[in-house]
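First comes the structure, then the notes that go with it.
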Amino acid sequence: MTGTDMEQLNREICGAVWTSPHPGRLMEALSYDIGPRPTGSKAMTQAQELVATVLRELGANNVRTELVDVVAWREAPSAVEIVSPIKHRIESYHHVRSLGETVSGPILHVGGGDENDLERVGKQLEGAIVLIQGHEPVGSKFTPLPVRLGEFVEAGAAGVITTCVDPLGCPAIELFGTSDDFPVPAVGISYEEGHRLAALTRDGKPQGRLEASGTSYHTTCVNLVADLGPVGMTKECIVLSAHVDSFYVNPGSFDNLTGVITLIEIARALAPLQSKFQRTLRLVLYTGEEYGFQGSKAYIQQHRDELDRTRFVFNMDSLFPPTAEGVAVMWSPTMRDYIDCAFSDTQCQVEVRDLFCMSSDYLPFMLEGIPTARPAQFDSTQAFPPWSHTRLDTPDKVPDIWIRQNALTFAQMLARMLTDPAPLPAHRKSPQEVNELIDKEGACEILRSYGFDV
């Protein structure tokens, strides 16, 4: 395809993205008419059915669902009470896949929960309920909360209270187990209540009571899969993906309807161009991302015979304006250079970097050696929206332009990949190469906590 042809293609994509009337309507329908979409729930099924209808209408082919065995969560009320020196009840949410139990004991503030904090509190942990700041960076390396807290529990902590790091006014909810439930009850409270509780610990050891009664259970859910381009699996396939599920407390408009609706708008813009495709674009809407990448793990198992032809995976999760200006490419310098070159043929100003990440549904593919990438925020001056995983994650905070900016950028990137007659410079790594990269990144412990056998 000549430069002039590519320019015309990009103009058609721009026109389709900017004139589409659909993003706001879909956001409202999925957030409010259907609402929170926990894995295995009726709402999750309704959301997948709505998205399937939209994909058929815009011209996707072979739209189908694929059954996934999942460990789901049955939410139930939780309670956090300060018993002394004052009596006070705190709004809380039981963290998914932590033990359902009632415990009492002294409340001990452990900061961010790094090794220094563990050494500082020492023997005080026996029988204590630890208060920890959730999602707080520890050093230069992200460590999931359950991993940070594992040693505290081994040292005798009886329960966990996490507090938001942003003053939102309501608790956030997190996943606390993948292979097994976390061995003690864990609940989340708001920034304000956490700050108040931390202040009490500076003057002594307040006594508290923590009650959690949610439970894990086995059920089924589905991934939604569709194709654009040549019918049937071609020699090369690109996977474009996002997750539909949310936690039970939030409509999940930012996390991750921004990814879902951006995927739909990209597909809508590219569908009229399918006759020009040299390879298949596989669209995948996952279940179970919030519960430990269950949908993408299942996709790998169900499509193992196709993985050699799956040349590149682009996964979209939690998008806002800065993510339209960056792409993080994992373990593929050749695809990094290819994507950088692709953007040089557009009006988009996008920084493309090598970056090791472990945050979403591209991860199971990455561990199979397949080149993967995601939209990325590299501009540290623009704060990441803080309401993810809270009940404040609602459509009024997600302007249509967030969807349009990301759809415009990444539809043009994918158009170049899909119409290029030359093979993509994307090479699958061997298991040995993958293990060497995991060791280099020091990621074994975290990956095992996510339920991966590495």
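The values are calculated or read from the model by the stated rules, or taken from the named source; none is laboratory data. All figures in this text were calculated on a predicted structure; none of them were measured in a lab. Cβ atoms come from the backbone with ideal geometry, glycine included; neighbour counts cover every protein chain shown.
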Residues of the stretch 167-187 satisfying the condition of being at pLDDT 95 or above and small (Gly, Ala, Ser)
Ala186
I'd like the full set of residues that are buried (at least 23 other Cβ atoms within 10 Å of the Cβ) and either closer than 26 Å to Val71 by Cβ or touching a strand residue (DSSP E or B) at 6+ places or on another chain (Cβ under 8 Å) (or both), limited to the stretch 268-279.
Leu270, Arg279
Among the numbered criteria (1) more than 21 Å from Asp393 (Cα to Cα); (2) surrounded by 20 or more Cβ atoms within 10 Å (Cβ to Cβ), which one does Pro38 miss?
(1)
Qualifying positions in the stretch 365-383 - surrounded by fewer than 22 Cβ atoms within 10 Å (Cβ to Cβ) and in contact (Cβ under 8 Å) with a residue 40 or more places away in the chain:
Glu368, Gly369, Ala376, Gln377, Phe378, Asp379, Gln382
Ile370 versus (1) modelled with pLDDT of 95 or more; (2) aliphatic (A, V, I, L, M); (3) closer than 30 Å to Ser98 by Cα; (4) in a loop (DSSP other than H, G, I, E, B): which is the lone unmet condition?
(3)
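In the set Asp203, Asp181, which member is out of contact with any Lys or Arg (no Cβ under 8 Å at 6 or more places or on another chain) and either over 29 Å from Pro385 (Cβ atoms) or among the polar types (S, T, N, Q) (or both)?
Numbers: Asp181 fails: out of contact with any Lys or Arg (no Cβ under 8 Å at 6 or more places or on another chain).
The match here is Asp203.
Among the residues of the stretch 57-74, are any without any contact (Cβ under 8 Å) to a residue 24 or more places away in the chain and in the same structural domain as Asp400 (by TED's automatic domain parsing)?
To start, the set of residues in the stretch 57-74 that are without any contact (Cβ under 8 Å) to a residue 24 or more places away in the chain comprises 57.
From the residues that got through so far, the ones that are in the same structural domain as Asp400 (by TED's automatic domain parsing) too are 57.
Yes, some residue in the stretch 57-74 is without any contact (Cβ under 8 Å) to a residue 24 or more places away in the chain and in the same structural domain as Asp400 (by TED's automatic domain parsing).
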Scan the stretch 75-127 residue by residue and report those that are crowded, with 18+ Cβ neighbours inside 10 Å, among the hydrophobic types (A, V, I, L, M, F, W, C) and in contact (Cβ under 8 Å) with a residue 40 or more places away in the chain.
Val80, Ile82, Ile90, Val96, Leu99, Val103, Ile107, Leu108, Val110
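Got a sec? Which of Val121, Val160 is of a type in the set (A, V, I, L, M) and in a helix (DSSP H, G or I)? Reasoning before the result, please.
Details: Val160 fails: in a helix (DSSP H, G or I).
Result of the check over Val121, Val160: Val121.
Being among the charged types (D, E, K, R) and either in contact with a helix residue (DSSP H, G or I) (Cβ under 8 Å, 6 or more places away or on another chain) or buried (at least 19 other Cβ atoms within 10 Å of the Cβ) (or both) is the filter; apply it to the stretch 52-74 and report the residue that is farthest from Gly292 (Cα to Cα).
At the first step, the residues of the stretch 52-74 found to be among the charged types (D, E, K, R) are 56-57, 64, 66, 69, 74.
Remaining after also requiring either in contact with a helix residue (DSSP H, G or I) (Cβ under 8 Å, 6 or more places away or on another chain) or buried (at least 19 other Cβ atoms within 10 Å of the Cβ) (or both): 66, 69.
On the way: Glu66: 18, Asp69: 13 Å.
In this case the residue turns out to be Glu66.
Quick one: is Gly214 closer than 14 Å to Leu131 by Cβ and in contact (Cβ under 8 Å) with a residue 24 or more places away in the chain? Give the steps one after another, and end with the answer.
Working: closer than 14 Å to Leu131 by Cβ: no; in contact (Cβ under 8 Å) with a residue 24 or more places away in the chain: yes.
No.
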Would you confirm, using the coordinates I've provided, whether Ile438 is within 21 Å of the chain's Cα centre (by Cα), in a helix (DSSP H, G or I), of a type in the set (A, V, I, L, M, F, W, C) and farther than 30 Å from Pro36 by Cβ?
yes
Can you confirm whether Gln8 is surrounded by fewer than 21 Cβ atoms within 10 Å (Cβ to Cβ), of a type in the set (S, T, N, Q), out of contact with any strand residue (DSSP E or B) (no Cβ under 8 Å at 6 or more places or on another chain) and modelled with pLDDT of 95 or more?
no
When only residues in the stretch 286-330 that are aliphatic (A, V, I, L, M) and over 29 Å from Gln405 (Cα atoms) count, which is surrounded by the fewest Cβ atoms within 10 Å (Cβ to Cβ)?
Leu307
Show me the strands (runs of 3 or more DSSP E) found entirely inside the stretch 36-99 where at least 1 residues are in contact with a strand residue (DSSP E or B) (Cβ under 6 Å, 6 or more places away or on another chain) and among the hydroxyl-bearing types (Ser, Thr, Tyr).
61-74, 79-84
Which residue is surrounded by the most Cβ atoms within 10 Å (Cβ to Cβ), if the candidates are limited to the stretch 384-428 and must be acidic (Asp, Glu) and part of a loop (DSSP other than H, G, I, E, B)?
Asp393
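Is it the case that some residue within the stretch 310-325 is in the same structural domain as Ala267 (by TED's automatic domain parsing), β-branched (Val, Ile, Thr) and over 21 Å from His427 (Cα atoms)?
Taking the stretch 310-325 and keeping what is in the same structural domain as Ala267 (by TED's automatic domain parsing), we get 310-325.
When the remaining residues are screened for being β-branched (Val, Ile, Thr), the result is 310, 313, 323.
Of the ones still in play, those that are also over 21 Å from His427 (Cα atoms) are 323.
Looking for residues that are in the same structural domain as Ala267 (by TED's automatic domain parsing), β-branched (Val, Ile, Thr) and over 21 Å from His427 (Cα atoms), one finds at least one in the stretch 310-325, hence yes.
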Selection from the stretch 366-421 of residues under 17 Å from Asp337 (Cα atoms) and under 16 Å from the mean Cα position of the chain (by Cα) yields Thr372, Ala373, Arg374, Pro375, Ala376
